[in-house]
Amino acid sequence: QVQLVESGGGLVQAGGSLRLSCLASMSTFSIYAMGWYRQAPGKQRELVASISSGGTTNYADSVKGRFTISRDNAKNTVDLQMNSLKPEDTAVYYCNAHSSFVYWGQGTQVTVSS
């Protein structure tokens, strides 16, 4: 059974930084496209950033220049470095793995205070 376990969420002041990490259990991690999504209260889940199996990255316009996604295939991890955080970044952040199947983590709360 594949598991994605997120960590690194928390409470931070506006302008601060957080680093989220997702540890994946599948042995074929390197073939998966990985992504970070977020869902704020009352809003739909949205893509924040993604990274392909080949390392190509993609970002939502709202986080470009502030967030960086990276992966370490040797450690089965995908990280999201979040800088210059804003109150509107407050949400539950979910790790996603996509290949022939799609897997989701349980989510980690990020709260940015003004």
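The values are calculated or read from the model by the stated rules, or taken from the named source; none is laboratory data. If you're wondering where the values come from, they're calculated on a predicted model, not measured in any experiment. Note that each Cβ is placed from the backbone with ideal geometry, even for glycine, and that neighbours are counted across all protein chains shown. Heavy atoms of the whole protein, side chains included, go into the accessibility calculation; ligands, DNA and RNA do not. Shrake-Rupley method; radii C 1.70, N 1.55, O 1.52, S 1.80 Å.
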Inset, instruction - Could you tell me which residue of segment 1-55 is least open to solvent (accessible area, probe 1.4 Å), considering only residues that are touching a strand residue (DSSP E or B) at 6+ places or on another chain (Cβ under 6 Å) and of a type in the set (Phe, Trp, Tyr)? - result: Trp36
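Of the residues in segment 11-35, how many are touching a Pro at 6+ places or on another chain (Cβ under 7 Å) and free of Cβ contacts under 8 Å to residues at least 24 places away in the same chain? If you could, list the steps in order and put the result at the bottom.
Our first condition is that a residue be touching a Pro at 6+ places or on another chain (Cβ under 7 Å); within segment 11-35, this holds for 14.
Remaining after also requiring free of Cβ contacts under 8 Å to residues at least 24 places away in the same chain: none.
Matching residues across segment 11-35 total 0.
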Inset, instruction - Take segment 85-114 and flag every residue that is without any contact (Cβ under 8 Å) to a residue 60 or more places away in the chain, surrounded by fewer than 15 Cβ atoms within 10 Å (Cβ to Cβ) and within 17 Å of Ala40 (Cβ to Cβ). - result: Glu88
Inset, instruction - Scan segment 72-83 residue by residue and report those that are assigned to a loop (DSSP other than H, G, I, E, B), surrounded by 14 or more Cβ atoms within 10 Å (Cβ to Cβ) and out of contact with any helix residue (DSSP H, G or I) (no Cβ under 8 Å at 6 or more places or on another chain). - result: Asn83
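Look at Ser84 and say whether it is over 11 Å from the mean Cα position of the chain (by Cα) and at negative phi. Lay out the reasoning, then the answer.
Values: over 11 Å from the mean Cα position of the chain (by Cα): yes; at negative phi: no.
So Ser84 fails the test.
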Legend entry - Sole exception among (1) under 11 Å from the mean Cα position of the chain (by Cα); (2) open to solvent by less than 50 Å² (accessible area, probe 1.4 Å) for Thr68, by number: (2)
